[in-house]
Number of protein chains: 2
Amino acid sequence: MSARRYAILAPGLFATRSAKTAHGVIAYSSDATVAVIDPDHAGTRVRDAVPYLASDAPIVANVAAALHFEPNALLVGVAPPGGALPKAWRAAILEAIGARLEIVSGLHQFLAEDPEFAAAAAASGTRIWDVRTVPPPRLFTGAGYDVAPRVVLTVGSDCAVGKMTASLELTRAAGERGVRARFAATGQTGIMIAGSGTAIDRVISDFASGAAEELVLANASDADLLFVEGQGGINHPAFAPVTLALLYGSVPDALVLVHLATRTHVEDYGTPLLSLPKLVATYEALCATVKPARVAGIALNTYGLTPAEAQFEIARAAEDTGLPCDDVVRNGPHDLYDAMAPAFAHKTRPVI
Amino acid sequence: MSARRYAILAPGLFATRSAKTAHGVIAYSSDATVAVIDPDHAGTRVRDAVPYLASDAPIVANVAAALHFEPNALLVGVAPPGGALPKAWRAAILEAIGARLEIVSGLHQFLAEDPEFAAAAAASGTRIWDVRTVPPPRLFTGAGYDVAPRVVLTVGSDCAVGKMTASLELTRAAGERGVRARFAATGQTGIMIAGSGTAIDRVISDFASGAAEELVLANASDADLLFVEGQGGINHPAFAPVTLALLYGSVPDALVLVHLATRTHVEDYGTPLLSLPKLVATYEALCATVKPARVAGIALNTYGLTPAEAQFEIARAAEDTGLPCDDVVRNGPHDLYDAMAPAFAHKTRPVI
């Protein structure tokens with residue numbers, strides 16, 4: 001389809017962490033955001049409500065006001081408090097369908113399965129894209145071992161530390177170095193940004209590794225380097241199974257470790273994070289039993305630190321692990337990419 | 001409900017590996033198997049077709065013949081070749097429903113969702129139990145850290161090496177030592193045997209760890225020792241995510257490592273199995289980052305070996321790991337249980 005022009009629905013939530021999908025799309029999607037719908041900030045602009053987003057898109061009170069900016073898609077990228085869809089959101093979505101906007105949703109609850117939305121979409125001839133919809137069950141087969149591109153997987157110390165951002169920035173850096181690089185998305189925000197992908201965390205456990213492999217196969221053509229977005233962390237009490245599905249299923253040739261410098265414990269669970277050297281050793285040891293992959297470097301997210309603090313943490317991480325380390329947002333991805341590029345040059349073979 | 005009296009539907013497959021669920025139920029369920037339906041072996045008895053099963057139940061050609069033995073349930077415990085339900089099986093299931101037998105199925109394809117079966121069951125007032133149906137999505141919470149019983153998880157070198165059997169045998173041994181022991185089932189055969197449980201491999205990845213925790217919580221009352229059936233193996237390319245979901249989610253206080261002495265590579269994938277000392281180290285190292293649990297001993301499955309070979313392998317595994325080791329089927333579970341019991345005496349605390 002032609003490029004999307006998004007109106008983003010985030011009533012009452014745009015300036016909160018609940019809107020992190022919306023923020024990610026604004027920051028990284030090649031699709032434009034022409035308006036944000038949030039009555040709490042109506043009359044201001046995106047950068048006023050969320051200072052780290054360099055966007056002048058207007059924030060408006062409702063769908064009718066957003067239509068003045070000629071969107072062709074409505075993005076529902078925030079989770080409603082409590083999980084159920086509030087009545088006001090339903091009305092907004094129906095209004096957008098009536099205006100023939102494509103509906104793009106990252107909700108767990110699939111909008112295309114809602115009889116009222118489905119009927120309205122059929123009537124107006126518009127599409128509902130639930131980005132978390134996953135492909136049919138498929139077991140891991142090993143076909144991924146033979147893909148042409150080198151696969152680089154981001155692995156993390158925890159959820160929400162910057163794996164998607166690091167993957168996107170490194171994909172960009174590789175492209176700017178003349179390498180045919182591609183980003184393979186595994187979470188809802190990444191999928192919206194890339195326009196395709198698979199929400200591995202929504203796949204039935206038996207098939208999660210196979211879904212990761214299928215994603216790599218689907219992105220293997222016309223690429224030299226494939227950056228696969230990682231998920232979770234290997235000692236996350238709830239989400240580590242998704243991490244491991246990607247570690248084996250995406251058949252990586254190299255890993256990039258991503259950590260938020262200020263994070264010490266697993267978010268919401270309180271389990272202590274592993275040290276960077278222990279994370280490197282754990283990920284490499286697990287990989288070594290299936291298909292070897294080494295950690296090529298560390299993307300350290302120094303968000304919230306002063307420049308001096310950031311530099312100190314970057315130097316310390318490099319010294320502790322003996323690996324290249326940088327913050328790819330604060331300092332740009334090129335130095336880290338160049339330092340890691342030799343490690344991205346070769347494919348590894350499975351131990352079978 | 002009252003005890004089940006099973007007719008087991010396994011046309012053409014009863015003597016094959018495809019019927020391993022049927023074999024498990026015959027060997028371990030407290031429910032009786034009164035007849036097996038397999039025209040290829042009609043007129044013989046279970047022990048004639050499958051020598052290691054000590055059952056004299058008759059094998060008959062069809063449902064009508066099975067009804068003479070007064071079953072109250074039909075068990076579909078074999079996977080149809082190709083995945084789709086053959087017409088002859090449909091007819092047999094409908095005939096059983098018509099005779100008011102409960103239908104118990106381990107198929108991936110849920111029979112209760114089949115309109116024809118559902119209508120027939122409603123008409124005759126009988127129940128369809130698809131044992132792989134999983135509970136609603138639920139995240140891991142950490143509530144499992146506080147359960148009263150000590151939790152013992154079986155972990156393996158691969159799939160299909162004897163984790164369920166080891167868990168069942170050790171549960172029996174503990175009971176015979178006067179300990180209030182319970183078995184928590186995580187796979188289809190185990191669930192049929194126990195009458196309840198959760199097929200963790202069928203849970204959406206994000207919720208697999210939470211489902212394992214929920215299963216432990218559901219089995220926590222009136223038990224001192226809870227044996228949780230493990231799944232897969234930690235370096236299994238396809239199923240390791242399920243293994244890890246159980247390792248963290250079932251919050252074990254101790255582990256029992258299960259291995260098939262003759263197995264050297266991951267079945268169907270060819271990945272080399274880890275050595276027993278490496279398996280012990282890998283499982284313990286992962287646990288140590290969330291909630292410590294040590295491997296208490298090794299249940300070595302020596303199926304297919306001579307008595308002398310079995311004794312040699314058991315001694316070698318014990319020496320290689322420094323842990324108690326025995327074959328709980330060949331030699332009974334009591335010696336291994338007694339050797340491990342001190343390691344089952346204490347709960348461990350999470351590292352939070």
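All of the numbers you see were taken from the coordinates with simple rules; none came from a lab. Since the structure is predicted, the reported quantities are computational estimates derived from the model, not experimental observations. Every residue, glycine among them, receives a Cβ derived from its backbone with ideal geometry; neighbour counts consider all protein chains shown.
Looking at region A:289-312, which of its residues are β-branched (Val, Ile, Thr) and without any contact (Cβ under 8 Å) to a residue 60 or more places away in the chain? Selection gives A:ILE298, A:THR302, A:THR306. Candidates are the residues of region A:232-267 that are more than 18 Å from the chain's Cα centre (by Cα), part of a loop (DSSP other than H, G, I, E, B) and among the aliphatic types (A, V, I, L, M); the one that is nearest to A:ALA341 (Cα to Cα) is A:VAL251.
So, in region B:182-191, exactly how many residues are of a type outside the set (Gly, Ala, Ser), farther than 23 Å from B:LYS291 by Cα and more than 14 Å from chain A (Cβ to nearest Cβ)? Matching residues across region B:182-191 total 2. Evaluating B:LEU226 against the criteria (1) within 8 Å of another protein chain (Cβ to nearest Cβ); (2) more than 30 Å from A:VAL251 (Cβ to Cβ) leaves one unmet condition, (1). If I filter region B:277-304 down to residues being among the hydroxyl-bearing types (Ser, Thr, Tyr) and within 14 Å of another protein chain (Cβ to nearest Cβ), which single residue comes out as nearest to B:ALA245 (Cα to Cα)? It comes out as B:TYR283. For region B:59-79, the candidate set comprises residues that are outside any loop (DSSP other than H, G, I, E, B) and surrounded by fewer than 21 Cβ atoms within 10 Å (Cβ to Cβ); within that set, the residue that is nearest to the chain's Cα centre (by Cα) is B:LEU67.
Scanning region B:168-191 for residues being assigned to a loop (DSSP other than H, G, I, E, B), in contact (Cβ under 8 Å) with a residue 60 or more places away in the chain and surrounded by 23 or more Cβ atoms within 10 Å (Cβ to Cβ) gives a total of 1. Annotation note: of B:VAL104, B:VAL50, the sole residue that is farther than 30 Å from A:ARG138 by Cα, of a type in the set (A, V, I, L, M) and buried (at least 17 other Cβ atoms within 10 Å of the Cβ) is B:VAL50. Scanning region A:252-267 for residues that are buried (at least 24 other Cβ atoms within 10 Å of the Cβ) and at the interface with chain B (Cβ under 9 Å from one of its Cβ atoms) turns up just one, A:VAL266.
Beta carbons closer than 8 Å, at least 6 apart along the sequence or on distinct chains, never pair a first residue in region B:230-245 that is free of Cβ contacts under 8 Å to residues at least 60 places away in the same chain and more than 7 Å from chain A (Cβ to nearest Cβ) with a second that is of a type outside the set (S, T, N, Q) and assigned to a loop (DSSP other than H, G, I, E, B).
Residue by residue, here is whether (1) under 21 Å from B:GLY232 (Cα atoms); (2) among the basic types (Lys, Arg); (3) over 23 Å from the mean Cα position of the chain (by Cα) holds:
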| position | (1), (2), (3) |
| --- | --- |
| B:LEU279 | yes, no, no |
| B:ALA285 | yes, no, yes |
| B:LYS291 | yes, yes, yes |
| B:ARG294 | yes, yes, no |
| B:GLY297 | yes, no, no |
| B:THR306 | no, no, yes |
| B:GLN311 | no, no, yes |
| B:GLU319 | no, no, yes |
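Could you identify the single residue in A:THR133, A:THR141, A:THR165 that is within 14 Å of the chain's Cα centre (by Cα) and either in a loop (DSSP other than H, G, I, E, B) or in contact (Cβ under 8 Å) with a residue 12 or more places away in the chain (or both)? Testing whether each residue is within 14 Å of the chain's Cα centre (by Cα) and either in a loop (DSSP other than H, G, I, E, B) or in contact (Cβ under 8 Å) with a residue 12 or more places away in the chain (or both) leaves just A:THR165. Across region B:192-218, the qualifying residues are those that are surrounded by 23 or more Cβ atoms within 10 Å (Cβ to Cβ) and among the polar types (S, T, N, Q), and the one among them that is farthest from the other protein chains (Cβ to nearest Cβ) is B:THR198. With respect to the conditions (1) of a type in the set (D, E, K, R); (2) surrounded by 22 or more Cβ atoms within 10 Å (Cβ to Cβ); (3) not in a loop (DSSP other than H, G, I, E, B), B:ARG90 falls short on a single one, namely (2).
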